[in-house]
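Okay, structure first, notes after.
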Amino acid sequence: MTSPTDSGSRRRAAVVGTGLIGGSIGMALRRAGWRVTGSDHDESRALRALEVGAIDTVGTDRDAEITFIATPVGVVADMARHALDNSTGVVTDVGGVKTRIVDTVANPRFIGGHPMAGSEQEGLDGADPDLFAGATWVLTPTETTDPAGYAAVHAVVSSLGADVIALHPARHDALVAVVSHVPHLTAAALMSLAAAEAEQHTTLLRLAAGGFRDMTRVAAGHPGIWPDICVDNADAIVGVLADLVGALDSLRTAVAGEDRAALLDVLERARVARRNLPGRVVARAEELVEFRIPVPDRVGVIAEVTTLCSELGCNIYDIETVHSSESDRGVLVITVDPAERDLLRGALLARGYRPAVQGLAGA
């Protein structure tokens, strides 16, 4: 089942799972000129993805350069291993929990991923080729990740408009418990509380103003993905929930004690932190700075450098690896914002790297 626009000259990708995220990836890749093959455990959904233009053909593609696994996290590992066995390209996923998946797949061609993007609409009805524009997309390289494979995934994901950061899988899971998983559970709990009250006071939900709606918006998301996420990331989620309960207990004490100073302190610190949430700053290509970092040909180098950049808050706009046939060393080439030049250079020097730095304007 191939569309009339199919061409052997186009770059090839595959998407396993043609719901909201998989459909959006397919649409974005097709718009960029890729030939996209898609599959789904529900064949009717794959056929609809073909109908709406999210994919070019239904099936599998052994020649796909990259395969995106966009299924519920409970089956990602199995689907990823199947894709690795049946293609020669790199494989990545979009699951909201990474440690178990990455540890289970354990293949240099697999790079765990998680786009921090979504929609209140479910499935293909919410699919949008611009879904990832400006969104953060986490990649989770490990000590065994193939550097060229990581660079390939980074390049494709960046081409979809996403800001790519690298985190260790366990670090990713700890952080998303704070910024994604517990907020979703909190919104669900608050929404359930309001709904229970509304059964006796029918005007309650009609009084819900902007703040309540904003805080509980995520509760409108599809519930089916969350049990697997909560099970796979249980330790981190339970820990953050305990911290949240402690923070709420402190607030309860302050309210009960009419402690205006304590309440004002908490609210002011929250206000400052909220205002300091980073926004997306896009530098022009000619303003970027290129780091050429000689690296030994050993496992773990790509993960070490990319996760260092993420911990420093340095966004990598582009990345590639250059290998030398005459030695056991290569060169990792990355481009970053000029404001991050000195911070990153100092951190690399402290870890024994000797980067050469130049502005692209003069290249």
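Each reported figure results from applying straightforward, stated rules to the coordinates on display, with no laboratory input. The shown structure was predicted, so the numbers you read here are calculated from the model rather than taken from an experiment. Every residue, glycine among them, receives a Cβ derived from its backbone with ideal geometry; neighbour counts consider all protein chains shown.
When Rg and the Kirkwood radius Rh are both evaluated on Cα atoms of segment 1-95, their ratio Rg/Rh stands at 0.93. Sorted ascending by nearby beta carbons within 10 Å, beginning with the fewest, L167, L248 become L248, L167. Build a GNM of the chain with springs between Cα atoms under 10 Å apart, and of G126, G95, G38 the one that fluctuates most is G126.
Given segment 87-164, what percent of its DSSP beta bridges are antiparallel, to the nearest 5?
Numbers: 4 of 8 bridges.
For segment 87-164, the DSSP antiparallel bridge percentage is about 50.
Could you give log10 I(q)/I(0) at q = 0.13, 0.14, 0.17 Å⁻¹ for segment 285-362, computed by the Debye formula over C-alpha point scatterers of equal weight, without solvent? After summing over all Cα pairs, the log10 values are -0.36, -0.41, -0.61.
Directionally averaged projected area (segment 12-167, Cα convex hull): 7.7 nm². Over segment 173-275, the Kirkwood radius and the radius of gyration, each from Cα atoms, give a ratio Rg/Rh of 1.00.
In order along segment 269-275, the Karplus-derived 3J(HN,Hα) couplings, from 6.51 cos²θ - 1.76 cosθ + 1.60 at θ = phi - 60°, round to 4, 5, 4, 5, 4, 5, 5 Hz, and Gly and Pro are given as x.
The GluC sites (Glu not before Pro) of segment 165-274 that DSSP puts in a loop, and whose beta carbon has at most 15 other beta carbons within 10 Å, are E258. The reciprocal of the average 1/r between distinct C-alpha atoms defines the Kirkwood hydrodynamic radius, which for segment 114-203 equals 15.8 Å.
Each of P223, V102, P294 was placed along the dipole of the chain (beta-carbon charges, centred on the mean Cα), and the one lying farthest toward the positive end is P294. GNM remark for the chain: springs join alpha carbons under 10 Å apart, and the peak mean-square fluctuation among L251, L343, L277 falls on L277. When the P(r) is computed for the chain, the part past 37 Å accounts for 27% of the Cα-Cα pairs.
With a 10 Å radius around each residue's Cβ, average the other Cβ atoms per peptide and rank 231-242, 346-357, 18-29, highest first. Let's see the in-between values first.
Values: 231-242: 16.9, 346-357: 13.7, 18-29: 27.3.
Those peptides, ordered most packed to least, come out 18-29, 231-242, 346-357.
Only DSSP H runs of four or more residues enter the estimate; each adds -39500 (n - 2.57), and after division by the residues of the chain the mean residue ellipticity at 222 nm equals -13500 deg cm²/dmol.
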